[in-house]
Amino acid sequence: MLKYIVKNNVKEQSAKDYLKRHENISSSLWKKIKKQDEFFLNGQKIRPTRAIVKPGDIIEYRIVEQSNVLPVNLPLTICYEDDYLLIADKPAGILTHPLTFEAENTLANAVMYHYQQTNQQIGCHPLYRLDRNTSGLVVFAKVGQIQHLLGNNHQLLKRYYLALVHGKLTMPNGTIDEPIGRSLNSIILHRVDKNGKNAITHYRTIKTYDDYSLIELNLETGRTHQIRVHMSHINHPLLGDDLYGEKRDLISRHALHAYKLQFIHPFTHKEITIESQLPLDMQKLL
C-alpha cells in the first residue's frame, strides 16, 4: 500500500489533480489506480475519480501487477530494498532483462523470484540496463512513479562507474562531449557521429599503472555503449573490450563496473547512496 499525506500548502482539489501536480504520478499510473479500484482516503475506500482531498488528508492505494518475466531461482545480491524500489548487484556475464533468445537466466528473473518468495505482486521495472558484461548496481522500481521520475534521469539518479582503460590519460580529468549514433551496417556497434544523439561523459583518473589506468566515470546521458564508445574515441578503450578496443589478454570481459548510486528518494526524501565492491576480476588488476 502506497501512502501520501496531502501537503499543507495546497487547496482542496481532486485526488487526480493533486497526485499528478504535487506527487508527480504519470497519466499511465493514474489509469492503473482507477482500474485497480484499491484507493483509500483517510482509511475509507473510495472510487479514485470521486475523491476530493484537502491538506492533511491521507491518500493510500494499492497496485497489483502481473509480469511476463519468469521467476527463476538464481543467485541474487540485494544491496537495498524498501516498499518502493530494489537495488541489485548484477554480476558480469548475465543480461539485465530477458530477450527473445535468452528468457530465463537474467537479473530480472532472479528479482521476480525474490518477489514471488516474499509475496510481492509487482511487475518487473528496471530503470536502466547494463550490458551483459558490465557488472554493478541496477535499480528496479516497484512503483510506477519511481520509474516515471528516475528512469534514465541522470540529474536525479546519479550513476558512477569504475573502469580500467588502456594507457595513461594525457588529461587525467575531463569531459567527453561527443554525440553517439549506430555504426553503419551493424546492429550492435555504435560510434561517435556528428548526426547522433547528444552524449556527455565525465571522468577522473584514480590511479595509473604501467599500461593502464583506473578511472571513475559518471554520465549526463545514457546512450548505448556510451562509456565504451567515448573511451575508445579518445584512444583509451576499456581493458578487455574486444568490440571497441583490443583482445582480452588481461581480463575476459570489458573492465567496467557500475559501483555507486546517489539520489534523493522520491517518497522518503532521504538521500540514498549505495556502493558495490569492485569484482574480483578487476581487483586482481589493481
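The values are calculated or read from the model by the stated rules, or taken from the named source; none is laboratory data. Treat the numbers as computed from the prediction; the structure is a model and nothing was measured. Neighbour counts run over all protein chains shown; Cβ positions are idealised from the backbone, glycine included. Each accessible area value is taken on the protein alone, full model and side chains, heavy atoms only, with ligands, DNA and RNA left out. Shrake-Rupley method; radii C 1.70, N 1.55, O 1.52, S 1.80 Å.
The lone criterion from (1) at pLDDT 85 or above; (2) open to solvent by 20 Å² or more (accessible area, probe 1.4 Å); (3) assigned to a loop (DSSP other than H, G, I, E, B); (4) not β-branched (Val, Ile, Thr) left unmet by ASN153 is number (1). Out of LEU278, LEU217, one residue alone is open to solvent by less than 40 Å² (accessible area, probe 1.4 Å) and either in a strand (DSSP E or B) or in contact with a Cys (Cβ under 7 Å, 6 or more places away or on another chain) (or both). It is LEU217. Applying the selection to segment 181-214, what residues are open to solvent by less than 80 Å² (accessible area, probe 1.4 Å), among the aliphatic types (A, V, I, L, M), in a loop (DSSP other than H, G, I, E, B) and under 24 Å from ILE251 (Cβ atoms)? The one that is open to solvent by less than 80 Å² (accessible area, probe 1.4 Å), among the aliphatic types (A, V, I, L, M), in a loop (DSSP other than H, G, I, E, B) and under 24 Å from ILE251 (Cβ atoms): LEU189.
Evaluated against (1) modelled with pLDDT of 90 or more; (2) charged (D, E, K, R); (3) under 22 Å from the mean Cα position of the chain (by Cα), GLU65 falls short on exactly one condition, (1).
Considering only residues in segment 1-55 that are open to solvent by 30 Å² or more (accessible area, probe 1.4 Å), touching a Phe, Trp or Tyr at 6+ places or on another chain (Cβ under 8 Å) and in a strand (DSSP E or B), the one that is farthest from ASP83 (Cα to Cα) turns out to be LYS45.
Let's see how each residue does on (1) surrounded by fewer than 17 Cβ atoms within 10 Å (Cβ to Cβ); (2) closer than 28 Å to HIS254 by Cα:
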site: PHE101; (1), (2): yes, yes
site: GLU104; (1), (2): yes, yes
site: GLN116; (1), (2): yes, no
site: LEU127; (1), (2): no, yes
site: THR134; (1), (2): no, yes
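Pick from segment 83-99 the residues that are more than 25 Å from MET282 (Cβ to Cβ) and of a type in the set (A, V, I, L, M, F, W, C): which of them is surrounded by the most Cβ atoms within 10 Å (Cβ to Cβ)? Outline the logic, then answer.
We begin by selecting, within segment 83-99, every residue more than 25 Å from MET282 (Cβ to Cβ); these are 83-85, 98-99.
When the remaining residues are screened for being of a type in the set (A, V, I, L, M, F, W, C), the result is 85, 99.
Details: LEU85: 22, LEU99: 10.
Going through the qualifying residues, I end up with LEU85.
Taken together, the residues in segment 210-227 that are free of Cβ contacts under 8 Å to residues at least 12 places away in the same chain and under 23 Å from GLU275 (Cβ atoms) amount to 0.
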